[in-house]
Number of protein chains: 2
Amino acid sequence: MRMTNRPVSIQDIAKVAGVSHSTVSRALRDSPLISLEVRQRIQRLAQEMGYTPNQVAQSLKERRTNTVGVVITSISDPFLARVVLGIEEVAQAAGIQVLLSISDNDPQREIQLIDSFHRRRVDGVISSTARIDETHLRRLVKMGIPTVLINQAVPGDAPLVRAVQVDDYASAMQAVRYLLSLGHRAIGYLGAGNRPRSNWLRLSGYRDALRMAGVSANESWIRVAPAEHRYYAEDVADGQAMLEALLPTGITAVFCYNDTVAVGALLACHQLGIAVPEQLSIVGFDDVELAQYVTPPLTTVHQPKLRLGRRAMEMLLELVEEKPVQNEVLPTDLVVRRSTAPAPKTAPAMERRPREER
Amino acid sequence: MRMTNRPVSIQDIAKVAGVSHSTVSRALRDSPLISLEVRQRIQRLAQEMGYTPNQVAQSLKERRTNTVGVVITSISDPFLARVVLGIEEVAQAAGIQVLLSISDNDPQREIQLIDSFHRRRVDGVISSTARIDETHLRRLVKMGIPTVLINQAVPGDAPLVRAVQVDDYASAMQAVRYLLSLGHRAIGYLGAGNRPRSNWLRLSGYRDALRMAGVSANESWIRVAPAEHRYYAEDVADGQAMLEALLPTGITAVFCYNDTVAVGALLACHQLGIAVPEQLSIVGFDDVELAQYVTPPLTTVHQPKLRLGRRAMEMLLELVEEKPVQNEVLPTDLVVRRSTAPAPKTAPAMERRPREER
DNA sequence: TGCGGGGGTGCAAACATGTGCATTATAGCG
DNA sequence: CGCTATAATGCACATGTTTGCACCCCCGCA
């Protein structure tokens, strides 16, 4: 029946108990300096009065907030959702709070977010935004905020910045080699220009796999969605449009930047009456849940999304504790489902037959 | 070239400028009490020294943290992802930070999270967890924390608790009536027991729609996944299993608790060789992105997910400002895609034909 | 010259907590 | 009986910021 709605402080308890606030503070932390009797009385009192320690005061004193800032480009991207889940899991276990912020790939906003994190004195930052530029990183470094990057390039000279990654280049290469092993030669690439780094790495893996197999490069097989596209939801539409534009080149398979683009491609095939995988094989990247549920289920490169998130958080905690920590590269797997098949004997999938009406 | 890595405070600036820290504080907030000359000099100095105000100290003083806690059951649920996006959007615009926590539908953990929010002195809480029980709410109320619930029941006696909702009952009714209008009579229901309230409401809408159409109730048409299932990802498997169990009852259509369950049902049909919508019509709920991308695209009840999130945050802000705020119900739409068709003339979809090999 | 007033600045308290040090009381021992 | 060691508690300061109030200085006016 308190009249004021101000939460109770140790001062309030001290007044009731007839001791000083220091005694209460010590009693609540079970300090042996306080006699057992008083300790128990105060603890009971705190319980009764509904005391909850004020973490902002503690943070001010301890110079540590037990929070980390997490920047992601989109929360609708199922890849990032899994990563965040991994981060959250470790964070909760360690008693630290996640400040989640969404940047929509807007550099302007990213700067604001980083400033906001600094004002709030987060203990560290995890970034899984696609194109953090050097400027932001320098900002973070200058502020002395430990930072872990997920699937991003790590600058050489930054002492408190680490990264967990996946080998985009090698993974792409493995995927394309699998298509080659199925007899495909005319293989397309559908990229995402708004993730410059990973797109470039996957594209390079694709190119080198072809080159090493003796397939002469054909630039018209390669499409990359414009970098201005900022929202995750655009990936599907991009995939559709790019696949349609790619068809006349006579490809028998496509390797896609990610599963979402691949789903777009698949959708275009459905609409154009192209049979997957009989006429066209499709390979994605990420292995998001959706990949299993489309028809046919997607062959794709599995990324250990939960582990990426978990390790990022673990590394960040170690960084905060000033332990030495190394950059890490986690392994991927090619998971073969039903969207890929041996290359058709006949000429490429150019003849469009109208889809049977239902 | 600071040696210490402690961020600069107004004290530090004061020392350099040869004034008191109060003067610096006022100067930085552009107080007319300070002479223009000094004000500008200090502002320039602050800039040079890389000063960033310490928000935790401010929070302590102002008794306001500009943070809100958000509890959701799962981040992988695309419905919640959109809701969170709406929340974030409004929050960022208002300069407040979102503390995101995931409960995995674990009551134990939810209590911990609410305590953690209280310790951190969040200004308010938004909950979109499926089965917050009275206990938690009482806790929040007793702490005097303004709270907005999304798609949850709002207790009558709680002054600082409001809700934004969708009319589950009416929406379900509308969906089932649509199926009835297509000539379906044997209509199944696939539910989710781990969302007791909304599941019950949707089930009731389903029941009443049938009853009002003069279709005699058949309890064997109704399946509800066990309440113990805690993870979002289980929805798909539940949908698959339940549909398979339902088939022998001779239904020609199913209304599903949400799109994810519906996708499970769809998947089961693909595997069992049942043509959708020719042999079986499927209706989902939520209208998540995925609903458009499966084949055939799902007919579903559209929930205004972004708006739910936005309004929740807006209402919370008003609540914090001690303005009067009303509970709200947002409208839904039935969006008809290609997973529904008139009821087949022939007997129900019982004859399973093997799926053609590919 | 003395006084009032106003512009400009500093002091100190407050927010809630933690902790080194001083202080008090008590008991034990020479 | 007095001194010292020890147990138990309070004082005061620190964290970084905001703000009411007091203060100082100078100018103008009587």
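Points to keep in mind about this one:
- For the range A:81-137, the Kirkwood radius over C-alpha pairs fed into Stokes-Einstein at 20 °C and 1.002 mPa s yields D = 174 µm² per second.
- With all pairs of different C-alpha atoms in the average, the Kirkwood value for the hydrodynamic radius of the range B:168-303 is 14.3 Å.
- Taking the protein heavy atoms of the range B:108-150 in the context of the full set of protein chains, the accessible area attributed to carbon and sulfur is 47 percent at 1.4 Å.
- Averaged over the residues of peptide A:292-301, the number of Cβ atoms from other protein chains lying within 10 Å of each residue's Cβ is 3.
- Principal axes of the range A:29-102: Cα extent on each, largest first, Å: 56, 22, 21
- For q = 0.07, 0.08 Å⁻¹, Debye-computed log10 I/I(0) when each Cα of the protein assembly as shown counts as one equal scatterer: -0.57, -0.73
- Overall form of the range B:160-244 per C-alpha gyration tensor (a/c, 1.5; a/b vs b/c): oblate
- For chain A, the longest principal axis of the Cα atoms and the long axis of helix A:168-181 meet at an angle of about 30 degrees.
- Cα pair distances in the range A:102-247, grouped into 5 Å bins until the bin that holds the longest one, percent each: 2, 9, 16, 17, 16, 13, 11, 8, 5, 3, 1, 0
- Kirkwood hydrodynamic radius of chain B, from inverse mean 1/r over distinct Cα pairs, in Å: 23.2
- B versus A: buried accessible surface, summed, Å² (probe 1.4 Å, to nearest 100): 5000
- Unit charges at the beta carbon, dipole of chain B: most positive-side option, B:Tyr293, B:Ala253, B:Phe117: B:Phe117
- Cα gyration tensor shape of the range B:270-334, rounded if a/c is under 1.5, else prolate or oblate by comparing a/b with b/c: prolate
- Positive-pole candidate from A:Ala163, A:Val176, A:Gly264, dipole of chain A, charges at beta carbon: A:Ala163
- Mean partner shielding of peptide A:91-104, defined as the number of other chain Cβ atoms within 10 Å of each residue Cβ, is 5.
- Using the Karplus relation 6.51 cos²θ - 1.76 cosθ + 1.60 with θ = phi - 60°, the per-residue 3J(HN,Hα) values for the range A:17-28 come to 7, x, 10, 8, 5, 5, 4, 4, 3, 5, 4, 5 Hz, with x marking Gly and Pro.
- From phi via Karplus (6.51, -1.76, 1.60), per-residue ³J(HN,Hα) for the range A:84-98 in Hz, x at Gly/Pro: 4, 4, x, 4, 4, 4, 5, 4, 4, 4, 8, x, 10, 9, 9
- For GluC sites (Glu not before Pro), the sites in the range B:251-344 that DSSP calls loop and that have at most 14 other Cβ atoms within 10 Å are B:Glu278, B:Glu321, B:Glu322.
- Cα centroid separation, the range B:126-175 to the range A:161-240 (Å): 46
- Accessible-area composition of the range A:10-53, carbon plus sulfur, in percent [1.4 Å probe]: 49
- Restricting attention to chain B, the count of lysine pairs at 8 or more positions apart or across chains with alpha carbons under 26 Å apart stands at 5.
- Point-to-point label distance, A:Asp106-A:Gln11, nm (Cα→Cβ direction, 7 Å offset): 4.1
- Residues of the range B:257-275 that bury at least 10 Å² of accessible area when the other protein chains are present, relative to the chain alone (probe 1.4 Å, heavy atoms, ligands and nucleic acids excluded): B:Val263, B:Leu267, B:His270.
- Solvent-accessible heavy-atom area per residue, rounded to whole Å², over chain A at 1.4 Å: 43
- Whole-percent carbon and sulfur share, accessible surface of the range A:168-302, 1.4 Å: 56
- Considering only Cα atoms, the convex hull volume of the range B:10-53 works out to 58 Å³ per residue.
- Where GluC sites (Glu not before Pro) fall in DSSP loop in the range B:176-274, at most 13 other Cβ within 10 Å: B:Glu228
The values are calculated or read from the model by the stated rules, or taken from the named source; none is laboratory data. Just so it is clear, the model here is predicted, and its values are computed rather than measured. Cβ sites come from the backbone with ideal geometry, for glycine too, and all protein chains shown count toward neighbours. The accessibility values were calculated without ligands, DNA or RNA, using every heavy atom of the protein model including side chains. Shrake-Rupley method; radii C 1.70, N 1.55, O 1.52, S 1.80 Å.
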